[in-house]
Structure formats: C-alpha cells, structure tokens
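Notes follow the structure.
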Amino acid sequence: MSDAIRPQPGILDIALYEGGKAHVAGVSNVVKLSSNENPFGSSDKVKDAFLRAVHSLHRYPTTDHASLRAAIAQVHGLDAGRVICGVGSDEVLQMLAQAYAGPRDEVVFTEHGFLMYRLLAHSVGATPVQVAERERVIDVDAILRACNTRTKLVFIANPNNPTGTMISPAEVARLAEGLPRQAILVLDGAYAEYVEGFDAGLGLVEARQNVVMTRTFSKIYGLGGLRIGWGYGPKTIIDVLNRIRQPFNLSTAQLEAAEAAVLDQDWVAKCRQENARMRSWLANALAEHGIASDVSSANFILARFASVAEAEECDHYLQSQGLIVRRVASYGLPHCLRITIGDEASCRRIAHAVAQFKATRAEGAPSPAPVEGAPAGVVE
C-alpha cells in the first residue's frame, strides 16, 4: 500500500474487540458463560415472528422502523418520534460518536467500563479519557473532575459491564446536571431489564436536553444473534442521528422479531426472576469457597480471586471441564473472571467445578483431568 494512503487519525490505535470465547480445543459439549447471553433464548412469540418473516425476504424493510418504535414507546411510555433503532445498541453509540465527537474532542468513560467506549473515541479521532472508579463502582465526582471544554460525550453503563455494579438515579441525575453545557451523557442500559422497576434513566432523558439512553435486545430478550438495539433522547439529537443512520440498517426479520420481543413482557419478567434467583445462589456458592463478588444487578457475576495467577488457573480448569467464562484483564481486572448466569444446571456445574479447583489447589495437587465425552451432570 502506498504511504500516502492512510486511515483517519485514531483508527490504527483501535485494538480489535474480541467477543466471549465459544469453543475449547479438544473439549466437546461446552457450556458458554462468557457473553452474558440469556440461557433461555427468546420467547416462542419471537420465534414465530421470525419464521413469518421468511415470506417477505425479497422485500426491502421499512426505513422508518415505525412499528417497532411504536411498540417500544407503548411498553415504556415514550414518544415514538424520539426512539431510534440500530444494529444492536452499539450502532446507536457509534452514531453518537460519529455525530458529536471528533479530533481535539474528548470522550469520557470509567476504568472498568465497556471496551467499546474507547474504541468509539478512537474511531472518530477523539481523545479517550479514562476515569477511575471507586471499588468497581462509577465515581460521579471523578467523572465531573475529568470533564472540560473539550468533553463531548460521557459514557456510563448502569448496571455496568463487567462489574455488575450500578449507581442510584440520584447520582446519575447529579452527573447530568454537572456536565459542561456542550457534553452529552450517554446512559448505556444494556442490562437495565434485569433490575426490577428500573427505568434506566428514561425519566432523566425526558427532563433534560443533554441525556441519551440506549437499550438492547441482545441480553434479556435473547436476540444476540440478530443484533437489534434502540436509543431514546431529545428530539434534536435523535434527528441528527437519523441523518447519518443507514436507511435499511435493520432487516424485516430483525424488526418483526424485536417487536414481538418487546411486546412479550411476561417472558422478560420470567427471565428476570430466574436470573435473580440463580445469580444470588451462585454468588453465595462462590463466596463459600472464598471467592468474593460485588452485588450484581446484571446477568453475570464478577468473581474476584486472590491473585491473577489463581484467576488464570481457575479459568484453565473450567475450560478443561467444558465451562467457558470471560477473562477481563482487558477491563483492568486481571484477577477476576466474569461468569454469565446460566440456567440452574450450568450454575451448579460452575459452582462444583470451582469447588474442585479450590480443593485441588489447596492440596497442591494438579487439577483433575476432564473425562472426554462425560455427560454434563448437575451437582446438588
């Protein structure tokens, strides 16, 4: 390639994002608990809607997403004209960065925040500004101290990934109030549905002109494979985003599946209840073996080990047993493993395997080797 052909500033600073691991060489029948997916998948109503969509695959989808936006507005009590849909919430975040940040601007996020925030800053040539958290919890005062006249976007996830912690609506409101006048607060609500009665900042969006909220269908709705998300914000900001949004960014199958999903709130409630039950059970089971975790408000637990070496050894052992979790060294947490809350059988397998690992490590013996092809039993 000619030296004269160069990408825009910041792009070569992007480290490629890696999703959660899904396979282990030489191990069959793995249980994937690395990507915060809903173990129960999507509801039957969603599956039916997706199957019906095959009859119109030769037709272009709508460009205004009117039916899906209306369904979202109906469920959440919103103005449909201020809803925007994207290829996952990531695309809405990307549009915000593209529209409102650039060279000489700054994008603020916290030290254990979602990796995409840094990548988005680099993608538009802006400067990423990482702010310290307080014991794995977002520190509003630290964020406000980091802001200045160059700050254009402040990203926070609430609940946060990968910590699972969250801050109160009062703290979020204080953050929005204290930002410089040119800055937008972006509330990433990917895990909001896992918190009973939580509006993820929708009320704050209604009350202010500097707050945008994003949500996704990839988590509790069980549609990670279809990549659908949405955002809600002031009309002036949403109008800007619609000017740069690709007109056919969502397919008919995506739109119809998402509409069926958001209208099936019984399924959401069922998944939220089961997640809360097994999340509490797994956190207590791990604590019994000396593995601490913060109270999680999401569909995963951040398990903290005594050292980086112990976390890595445990991960290797879990993989040998066909259990895949997520290392989070790239999030500044090398001594931790993020464990998605699976179904009851998966959670019990994780707890049993961790107990075996801790026992063999305490005895100084090598971890027991897995039995190839052995059934995935449930340990009571």
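The values are calculated or read from the model by the stated rules, or taken from the named source; none is laboratory data. Keep in mind that this is a model prediction, so the values were computed, not measured. Glycine gets a Cβ as well: all are built from the backbone with ideal geometry, and neighbour counts include every protein chain shown.
Only one residue in Arg272, Arg279, Arg227 is under 17 Å from the mean Cα position of the chain (by Cα), outside any helix (DSSP H, G or I) and modelled with pLDDT of 95 or more. Which one? Reasoning before the result, please.
On the way: Arg272 fails: outside any helix (DSSP H, G or I); Arg279 fails: outside any helix (DSSP H, G or I).
None of the other options fit; the residue is Arg227.
Do you know which residues across the range 290-320 are at negative phi and surrounded by fewer than 15 Cβ atoms within 10 Å (Cβ to Cβ)?
The initial filter retains those residues of the range 290-320 that are at negative phi, namely 291-320.
Ala292, Val295, Ala306, Ser307, Val308, Ala309, His316 - these are the residues of the range 290-320 that are at negative phi and surrounded by fewer than 15 Cβ atoms within 10 Å (Cβ to Cβ).
Would you call Leu286 assigned to a helix (DSSP H, G or I) and either over 23 Å from Glu111 (Cβ atoms) or within 22 Å of the chain's Cα centre (by Cα) (or both)? Lay out the reasoning, then the answer.
Numbers: assigned to a helix (DSSP H, G or I): yes; either over 23 Å from Glu111 (Cβ atoms) or within 22 Å of the chain's Cα centre (by Cα) (or both): yes.
Here the answer is yes, as Leu286 does meet what is asked.
Which members of the range 315-330 meet the condition of being touching a helix residue (DSSP H, G or I) at 6+ places or on another chain (Cβ under 7 Å) and closer than 13 Å to Leu33 by Cβ?
Residues of the range 315-330 that are touching a helix residue (DSSP H, G or I) at 6+ places or on another chain (Cβ under 7 Å), as a first pass: 317-318, 321, 323, 325, 327.
Selection gives Leu318, Gln321, Leu323, Val325, Arg327.
Tell me which residues, restricted to the range 32-52, are buried (at least 19 other Cβ atoms within 10 Å of the Cβ) and among the aliphatic types (A, V, I, L, M).
Selection gives Leu33, Val46, Ala49.
If I ask for residues that are surrounded by fewer than 24 Cβ atoms within 10 Å (Cβ to Cβ) and aliphatic (A, V, I, L, M), which ones from the range 261-282 would you list?
Scanning the range 261-282 gives Val262, Leu263, Val268, Ala269, Ala276, Met278.
Kindly provide the set of residues from the range 348-380 that are part of a loop (DSSP other than H, G, I, E, B) and either modelled with pLDDT of 95 or more or touching a strand residue (DSSP E or B) at 6+ places or on another chain (Cβ under 9 Å) (or both), ordered by number. Break it down stepwise before answering.
Taking the range 348-380 first, the residues part of a loop (DSSP other than H, G, I, E, B) are 364-380.
Result: Pro370, Glu372, Ala376.
Suppose we filter the range 207-228 for residues that are free of Cβ contacts under 8 Å to residues at least 40 places away in the same chain and within 18 Å of Phe155 (Cα to Cα); how many remain?
Qualifying residue count, the range 207-228: 5.
Which one is surrounded by the fewest Cβ atoms within 10 Å (Cβ to Cβ) among residues in the range 208-229 that are basic (Lys, Arg) and closer than 30 Å to Pro180 by Cα? Lay out the reasoning, then the answer.
Kept after step one, since they are basic (Lys, Arg), are these residues of the range 208-229: 208, 215, 219, 227.
Next, from what is left, pick out any that are closer than 30 Å to Pro180 by Cα: 208, 215.
Working: Arg208: 17, Arg215: 28.
Top of the filtered list is Arg208.
If I filter the range 152-162 for residues that are modelled with pLDDT of 95 or more and surrounded by fewer than 18 Cβ atoms within 10 Å (Cβ to Cβ), do I get at least one hit? Give the steps one after another, and end with the answer.
Taking the range 152-162 as the starting set, the residues that turn out to be modelled with pLDDT of 95 or more are 152-162.
Still in the list and also surrounded by fewer than 18 Cβ atoms within 10 Å (Cβ to Cβ): none.
Checking the range 152-162: not a single residue is modelled with pLDDT of 95 or more and surrounded by fewer than 18 Cβ atoms within 10 Å (Cβ to Cβ).
Please identify the pairs in which a residue from the range 34-62 that is over 21 Å from Glu344 (Cβ atoms) has its Cβ atom under 9 Å from the Cβ atom of a residue that is of a type in the set (Gly, Ala, Ser) and part of a loop (DSSP other than H, G, I, E, B), counting only partners at least 6 apart or on another chain.
Correct list of pairs: Val46/Gly222; Lys47/Gly41; Phe50/Ser42; Ala53/Ser251; Leu57/Ser251; Pro61/Ser251.
Regarding the range 71-83, can at least one residue be identified that is out of contact with any helix residue (DSSP H, G or I) (no Cβ under 7 Å at 6 or more places or on another chain), closer than 19 Å to Glu256 by Cα and in a loop (DSSP other than H, G, I, E, B)? Walk me through how you get there before you give the answer.
Taking the range 71-83 and keeping what is out of contact with any helix residue (DSSP H, G or I) (no Cβ under 7 Å at 6 or more places or on another chain), we get 74, 77.
Remaining after also requiring closer than 19 Å to Glu256 by Cα: 74.
Among the residues that remain, those that are also in a loop (DSSP other than H, G, I, E, B) are: none.
There is no residue in the range 71-83 that is out of contact with any helix residue (DSSP H, G or I) (no Cβ under 7 Å at 6 or more places or on another chain), closer than 19 Å to Glu256 by Cα and in a loop (DSSP other than H, G, I, E, B).
State which residue pairs qualify: first residue over 16 Å from Val83 (Cβ atoms) and assigned by TED's automatic domain parsing to the domain that holds Leu202 and inside the range 234-260, second residue assigned to a loop (DSSP other than H, G, I, E, B) and basic (Lys, Arg) in any location, beta carbons under 7 Å apart, and separation of 6 or more residues or different chains.
Within 7 Å, the pairs are Thr252/Arg59.
Considering only residues of the range 301-316 that are part of a helix (DSSP H, G or I) and charged (D, E, K, R), which is farthest from Val30 (Cα to Cα)?
If we take residues in the range 301-316 being part of a helix (DSSP H, G or I) and charged (D, E, K, R), then Glu310 is farthest from Val30 (Cα to Cα).
Val75 versus (1) out of contact with any Phe, Trp or Tyr (no Cβ under 6 Å at 6 or more places or on another chain); (2) buried (at least 19 other Cβ atoms within 10 Å of the Cβ); (3) of a type in the set (Val, Ile, Thr): which is the lone unmet condition?
So the condition that Val75 fails would be (2).
Look at Glu193 and say whether it is of a type in the set (Asp, Glu), within 20 Å of Leu93 (Cβ to Cβ), within 21 Å of the chain's Cα centre (by Cα) and part of a helix (DSSP H, G or I).
Values: of a type in the set (Asp, Glu): yes; within 20 Å of Leu93 (Cβ to Cβ): yes; within 21 Å of the chain's Cα centre (by Cα): yes; part of a helix (DSSP H, G or I): yes.
Answer is yes for this residue.
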